[in-house]
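Colleague: Okay, here's the structure, questions in a sec.
Read the figures in this text as sums done on the coordinates, not as results from a lab. The shown structure was predicted, so the numbers you read here are calculated from the model rather than taken from an experiment. Cβ placement follows ideal geometry from the backbone for every residue including glycine, while neighbour counts extend to all protein chains displayed.
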Amino acid sequence: MSRIAVIGGGGVRTPFLIYGINEASRALGVTEVVLYDVDEDRARLMSSLGNAVVRNYGGPLKVTVENRIERAVAGATFVVNSVRVGGMRLRASDERIVFQHGLAGQETTGPGGIAMALRTIPVTLETARVVERVAPEAWFINFTNPAGMITQAISSCTGVRSVGICDTPRELFHRIAQAVGGTQESVACDYLGLNHLGWVRSVRLHGTDVTAKLLASEEQLKTLYPDQLYDPAMIRALGLIPSEYLFFCYAQRRAAANQARTGTTRGQEVARLTAQLYDDLRRELAAGREPAALELFKHYHRRRSGSYMKLEASAGSLLGEGTEDPQDPFLSATGYHRIAVDVMTALLSSAGRTLVVNTCNRGAIAELAADDVVEVPCQVSRDGVTPLAAGGLPESVRGLVLSVKAYERMAVRAAREQSLSKARLALMLYPIVGEWELAGQVLQALIASDPQHLGYLHD
């Protein structure tokens, strides 16, 4: 029997991962999940809640905490990397700065994404090198955002066995299956792109292509997203079904206008809600009220999930009425824990399965280099992660993918070389920025707000 280490184990999604690992503990051959976080208090809080999850839903898993990363990863089969350097406070700060410069503030795309990447890459590379040294046989599963760019840095700078994961494609596939009246098993989606920049090219239901029928149905198209993100006419013009994060490319001015109308960003609201959650969990767990703590946790995630993208798409509020998702978030068919557990079980299987993950291109997308990290269907098994051939990029998205990939490569290079000018160039390359002066203004503001993590950049 083995253990799984979670780096960033004090994060608010950790209990979901614990639930999923506990549910699949026999298939994974795991008896223990070890949490490590630079904020040990939060790691212990999530350990207590994680053990409460196991007791509530039943299972054999034990959740522990280590205060040294070397001890956490020693003997681990999998190391899950899910960190937020600087916490939610810096997400809120990043998004506010971007918003103040007339762009839509979002944590993983555009200026918010480059700030997150530049402060996270050095930390993640240090972690990966510890894993490479202490647990060289372990798989390093990166869930840290921006997932594609962080995975790009890991694969290009270390020799650790790594794969990047994101729950966005699966969530889109799930919504498509519901729209066409199918199930996860009966619907197959042909997908390609980069992390948070992907599209579904075709949909098959029980082996029959239903793409044209889906594109023709305005009613079905409107059910594919958490809010009315896209004009169905745009989707039909593309001939592709975009993932939700493309909203910040396809409707940048609308998103910025809605943030201006509310005077806030989602990051600010989530930061406030998350701080309250931690305080409430400490109180309930200290008093021995585990059921109440679990209900608080579920309530938080129902509100957070139910309000997703509403602020940017329609100036809705995270704290507004009628935003809660009613289902038990632990029992959701999609989400953080589902894709993580599916990847881990596939990596232990001789047969494996096809999953959409982030890995080196190796010819999957014709226009990209072999070492460019892409998000495509892959055969995942104990033999590793093999991307499946996706062919060429559709003309309607080719330019966008190539420009965002150039931005990602330059941002990783900026972090590796500690180069301020390359970071500025990377931000200029991002399509929603596109200006040297604006890139410099935004970058300087981001660095001034977080000199601890971004002050290493220099010329």
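Colleague: Please report, largest first and rounded to whole Å, the three semi-axes of the ellipsoid equivalent to the stretch 248-401, where each semi-axis is the square root of five times an eigenvalue of the C-alpha gyration tensor.
Modeller: Values: eigenvalues 258, 138, 27 Å².
Result for the stretch 248-401: semi-axes of 36, 26, 12 Å.
Colleague: Fewest first, what order do ILE154, ILE432 take by the number of other Cβ atoms within 10 Å? Display every interim value, and only then the final one.
Modeller: Working: ILE154 29, ILE432 18.
So the residues, fewest neighbours to most, are ILE432, ILE154.
Colleague: Then there is this: Residue by residue, what Karplus-based ³J(HN,Hα) values in Hz, rounded to whole numbers, does the stretch 15-20 have, using 6.51, -1.76 and 1.60 with θ = phi - 60° and x for Gly and Pro?
Modeller: Residue by residue, the stretch 15-20 yields x, 5, 4, 4, 4, x Hz.
Colleague: About the Cα centre of the stretch 254-330, what is the dipole size in debye to 20, counting +1 per Lys and Arg Cβ and -1 per Asp and Glu Cβ, all else neutral?
Modeller: Details: 12 positive and 11 negative charges, 62 e Å.
That gives the stretch 254-330 a dipole magnitude of about 300 debye.
Colleague: Enter the Cα centre distance for the pair the stretch 40-112 and the stretch 116-155, rounded to the nearest angstrom.
Modeller: After rounding, the separation between the Cα centres reads 14 Å.
Colleague: If each of GLU417 and HIS206 carries a label point 7 Å out from its Cα toward its Cβ, how far apart are those two points in nm?
Modeller: Computed distance between label sites GLU417 and HIS206 equals 5.7 nm.
Colleague: Another question, if that's okay. If I histogram all Cα-Cα distances within the stretch 345-459 using bins 5 Å wide from 0, what percent of pairs lands in each bin?
Modeller: Over the stretch 345-459, the share of Cα pairs per 5 Å bin runs 2, 12, 16, 16, 14, 12, 12, 10, 5, 2, 0 percent.
Colleague: What's the whole-number percent of alpha carbon pairs in the stretch 231-282 lying beyond 14 angstrom? It would help to have the intermediate numbers written out before the result.
Modeller: On the way: 898 of 1326 pairs.
It works out to 68 percent of all Cα pairs.
Colleague: Another question, if that's okay. Using unit Cβ charges (K, R positive; D, E negative) and no other charged atoms, how large, in debye to the nearest 20, is the dipole of the stretch 1-156 about its Cα centre? Walk me through the intermediate numbers first.
Modeller: Numbers: 16 positive and 14 negative charges, 38 e Å.
Dipole size: approximately 180 debye.
Colleague: So for the chain, considering every pair of alpha-carbon atoms, how many percent are separated by more than 35 Å? Don't jump to the answer; show the numbers that get you there.
Modeller: Numbers: 27809 of 105111 pairs.
Every Cα pair in the chain considered, those over 35 Å come to 26 percent.
Colleague: Turning to a different aspect of this structure: How big is the stretch 1-48 along each principal axis, measuring the range of its Cα positions in Å and listing the largest first?
Modeller: 31, 17, 15
Colleague: Here's something else I'd like to know. Okay, helix-only estimate at 222 nm for the chain: each DSSP H run of n ≥ 4 adds -39500 (n - 2.57), divide by all residues, round to 500 deg cm²/dmol; what do you get? Before the final figure, lay out the partial values.
Modeller: On the way: 21 runs with 238 residues, N = 459.
One gets -16000 deg cm²/dmol as the mean residue ellipticity at 222 nm.
Colleague: Further, regarding this structure: Report the antiparallel proportion of the DSSP beta bridges in the chain as a percent, rounded to a multiple of 5.
Modeller: Numbers: 25 of 50 bridges.
Once the DSSP bridges in the chain are tallied, antiparallel ones form about 50 percent.
Colleague: Charges on Cβ only, +1 for Lys and Arg, -1 for Asp and Glu, centred on the Cα centroid of the stretch 254-330; of GLY267, ALA293, TYR278, which one is farthest towards the dipole's positive end?
Modeller: My answer, from the dipole projection, is GLY267.
Colleague: From the phi of every residue in the stretch 149-158, what ³J(HN,Hα) in whole Hz does the Karplus formula 6.51 cos²θ - 1.76 cosθ + 1.60 yield, where θ is phi - 60° and glycine or proline is x?
Modeller: 5, 5, 5, 4, 5, 4, 5, 8, 10, 9
Colleague: Could you name the lysines whose alpha carbon sits less than 28 Å from that of LYS422, not counting residues in the same chain fewer than 8 places away?
Modeller: LYS405
Colleague: Go through LEU35, GLN220, TYR245 and say which Cα lies farthest out towards the positive end of the charge dipole of the chain; charges sit on Cβ, +1 for Lys and Arg, -1 for Asp and Glu.
Modeller: Final value for the positive-end residue is LEU35.
Colleague: Give me the number: length gained by fully extending ASN67 to GLN276, i.e. 0.36 nm times residue separation minus the C-alpha to C-alpha distance, one decimal in nm.
Modeller: Working: separation 209, 0.36 × 209 = 75.24 nm, distance 2.46 nm.
Computed gain between ASN67 and GLN276 is 72.8 nm.
Colleague: Further question: Below 25 Å, Cα to Cα, which lysines can LYS222 reach? Residues fewer than 8 away in the same chain don't count.
Modeller: Within the straight-line limit of under 25 Å, LYS222 reaches these lysines: LYS213, LYS310.
Colleague: Mind listing the Cα extents of the stretch 37-190 along all three principal axes, in Å, largest one first?
Modeller: Projected onto the principal axes, the Cα atoms of the stretch 37-190 cover 43, 43, 32 Å.
Colleague: Additional query: Convert each backbone phi in the stretch 239-247 into a coupling constant with the Karplus relation 6.51 cos²θ - 1.76 cosθ + 1.60 (shift: θ = phi - 60°), then list the ³J(HN,Hα) values in order as whole Hz, x for Gly and Pro.
Modeller: x, 9, 9, x, 6, 5, 5, 5, 3
Colleague: Take the Cβ-Cβ distance between GLU40 and THR345 as r, set R0 to 25 Å, and report the resulting FRET efficiency rounded to the nearest 0.05. Walk me through the numbers on the way to the answer.
Modeller: Numbers: r = 30 Å, r/R0 = 1.19.
Taking R0 as 25 Å, the efficiency between GLU40 and THR345 is 0.25.
Colleague: While we're here: Under the 0.36 nm per residue contour assumption, what length would be gained going from the current alpha-carbon distance of ALA333 and SER396 to full extension? Spell out each step's value before the answer.
Modeller: Details: separation 63, 0.36 × 63 = 22.68 nm, distance 3.15 nm.
Value of the extension gain: 19.5 nm.
Colleague: Report, to one decimal in Å, the Kirkwood hydrodynamic radius for the stretch 254-330 based on all distinct Cα pairs.
Modeller: Values: mean 1/r = 0.0751 Å⁻¹.
Result for the stretch 254-330 stands at 13.3 Å.
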